[in-house]
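Please treat every number below as a calculation from the coordinates, not as lab data. This one's a predicted model, so the numbers in the text were calculated from it and none came from an experiment. Cβ atoms come from the backbone with ideal geometry, glycine included; neighbour counts cover every protein chain shown.
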There are 2 protein chains.
Amino acid sequence: MTYFVSANHSVRYHGGRSWPPVILSAALRAVRLHSDFNFILCGDRSVIDPELAKLSDADRSRVTVRHCEDVIAMTDSPSQALRHKKDSSMRRAIEAVQTKQADACVSAGNTGALMCLAYYLIKTLQGIDRPALVSFMPTAGHHRVLLLDLGANVNCTSEALFQYAVMGSVLAEQMLGKQRPRVALLNVGEEDIKGNTLVKMADEHLKQVPALNYIGYVEGDDIFTDYADVVVTDGFTGNVALKSSEGLAKLVVNEVKKQSSSNLWSRLMARIALPLLKSIYNRVNPDQYNGASLIGLRGIVVKSHGNASADAFYYAILQAMQEARLRVPEQIKSKIETVLLEQL
Amino acid sequence: MTYFVSANHSVRYHGGRSWPPVILSAALRAVRLHSDFNFILCGDRSVIDPELAKLSDADRSRVTVRHCEDVIAMTDSPSQALRHKKDSSMRRAIEAVQTKQADACVSAGNTGALMCLAYYLIKTLQGIDRPALVSFMPTAGHHRVLLLDLGANVNCTSEALFQYAVMGSVLAEQMLGKQRPRVALLNVGEEDIKGNTLVKMADEHLKQVPALNYIGYVEGDDIFTDYADVVVTDGFTGNVALKSSEGLAKLVVNEVKKQSSSNLWSRLMARIALPLLKSIYNRVNPDQYNGASLIGLRGIVVKSHGNASADAFYYAILQAMQEARLRVPEQIKSKIETVLLEQL
């Protein structure tokens, strides 16, 4: 099984974390721990080679380095990336998936460029208009919920919402091991009278599909209550829901840290509580849920946070591996066919 | 100065909190503490009168009870509420604002019905197409940020976003005491290339208005970082941002509570940390930010959470009082005129 890591240069320009140690160390960890995978690392050979020397001979034999001259910067527009950066590490990684040399690609680079390159080179599955960005979120009771789309499409149609529901259902079935995963539409109220036109149309459509376990509307706070396994929304709303909940989690944790420098009693409480708070934060922190999959393509593409830690980037690699093992694109293809046949 | 509390029956049917004690006790607390206000309570006289007996004669002299036969249920559609419930407590409360008998109305009833009644009876200010629902959110550094729209309009135009920006700016100036409050548009990325059509058009428009201190795009997590004083978005996205961040805050707090019943060490840590965590939760908890104002109308309407506690409902009353003192609708009217003149 061939596995593909895009050690994307452009990460250097984003978030202040030092590239390449973060991405490379995560990749080398994956090489060491998963001997059933081969790896192709794309990037500057002069940076990658010295790190590879740290691997055992057996491990190194499963790694191919593909030297790339170009770098897609965080400020490059998707069209610039597509037209002018033919030898970028990101493009080479995606091309490897396109040509079936690799099963999956992981990148922490420019999201817009990644989505654009993946869409044009790998193409979407039949029946899917646009890929969606999907990630796991924490819920009560240590379950996980899939939220999509997280920003692949900011101008969305009700048909796209319907396709997200199908894809999310497959992913929850495969990755969470759920039988007939509960699929919900994100809305501003649970009553039928509420919601915008887009959501109402998708709701009507989803009600008519026996192949999906569609449970109706949920509100923003229900994302975290284990009410649904899959929460479907447009890319604009999904991105805002993801980031605003991350923002609040950070606010809570920062507040605790600040208390440590307040009066003695608060300081003591905070000091004692810190391990507990950290364990809670670790459950809700974005790192652990790093690795947003771009699904609906004829191949696997996982997007890591641009400023991910080595641990977080490793989670993204794990996610890509799991999708490759479970053959997620094939599963989605088959489900879409079932659903489309049902509607004939 | 006349102040108007709608002791709305329908709350009884929602959220499981016992009406009327919650709303009535909040109202009576407001009566006792704010002798510069008069109050009109709408609802079932047989329920309200016994409670009023607890007030001193002087306080009671500032309260009028308006008996209403009808109740708008949480399941009533806005049009049902408008057409068929002519003697509902909510309608009577809004009519009092419409006829200038009252400066403000507070209700914890059916949001859709409240917005619909307020829109049709009180009407919007000239230059405002639709009212917006706005609330304060916590940010780092104990500041507050205004987020709007929270769901008054789920099908939104770029012109509406522009009007929200103007209204939000006035509210931040008046209620937060900010000079030239920083107004931002909620988007999925800070780069100009990102965003949906709606947001891009509003961005273009806002850049051309010197009367506003427009600072560009923010992402979901920036709501809580004190980067802006006003964050503008459509009602669908705003509602999801509000509720998903509330949902995550609840998840964190519930997680701590659960730890209390885990092993001894965790239990001890959680027990010690609980006061600290509660103080943090109190800062982010929705109760404290209860009281979403419906702005853009020719009068003041404040919406309380349907399952608000007495404290939370009291906050909503306080907010309505402050808006009445500051004459917020007049301030918005004047700002809108300035902005429209600038654009001639």
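Listed values, structure above:
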| read-out | value |
| --- | --- |
| Within 10 Å of each Cβ in B:220-227, the average number of Cβ atoms from other chains | 6 |
| Label 7 Å beyond Cα on the Cβ vector: A:His143 copy-to-copy distances, nm | 3.9 |
| Trypsin sites (Lys or Arg not before Pro) lying in DSSP loop within the stretch B:48-81, provided at most 12 other Cβ fall within 10 Å | B:Lys54 |
| For the stretch A:56-193, alpha-carbon Rg relative to the globular expectation (2.2 N^0.38 Å, N residues) | 1.27 |
| For B:154-160, mean number of other protein chain Cβ atoms within 10 Å | 2 |
| Label geometry 7 Å along the beta-carbon vector: B:Pro21 inter-copy distances in nm | 6.0 |
| Protection-proxy order for peptides B:226-233, A:106-113, each taking the mean of Cβ atoms within 10 Å per residue, highest first | A:106-113, B:226-233 |
| Built amide H within the under 5 Å cut-off of B:Asn213, gap 5+ | B:Val183 |
| Cα-based shape type of chain B, given that a ≥ b ≥ c are square roots of the gyration tensor eigenvalues and the cut on a/c is 1.5 | oblate |
| Taking chain A and dividing mean pair separation by its residue count, relative contact order in percent (alpha carbons under 8 Å, at least six apart) | 22 |
| Cα-based shape type of the stretch B:129-286, given that a ≥ b ≥ c are square roots of the gyration tensor eigenvalues and the cut on a/c is 1.5 | prolate |
| Partner lysines for A:Lys178 [C-alpha distance under 22 Å; skip if fewer than 8 residues away on the same chain] | A:Lys207, A:Lys333, A:Lys335 |
| Average beta carbon contacts from partner chains per residue of B:229-242, 10 Å cutoff | 5 |
| Virtual spin-label span in nm between A:Arg271 and A:Ala140, 7 Å along Cα→Cβ | 3.5 |
| Label distances, nm, B:Ser56 versus same residue in remaining copies, Cβ-directed 7 Å point | 8.5 |
| Peptides A:135-142, B:120-127, A:149-156, B:237-244 ordered by average Cβ neighbours within 10 Å, highest first | B:237-244, A:149-156, A:135-142, B:120-127 |
| Amide H contacts of A:Phe39 (H built 1.01 Å from N, under 5 Å, at least 5 apart or other chain) | A:Tyr3, A:Val63, A:Thr64 |
| Lysines with Cα under 20 Å of B:Lys243, excluding same-chain neighbours fewer than 8 positions away | A:Lys194, A:Lys200, A:Lys243, A:Lys250, B:Lys278, B:Lys303 |
| For A:Val218, distant residues with modelled amide H under 5 Å away | A:Leu185, A:Leu186, A:Asn187 |
| Rg and Dmax of the protein assembly as shown, Cα atoms only, in Å | 26.9, 91 |
| Among B:309-316, B:171-178, the order from most to least packed when residues are scored by Cβ within 10 Å on average | B:309-316, B:171-178 |
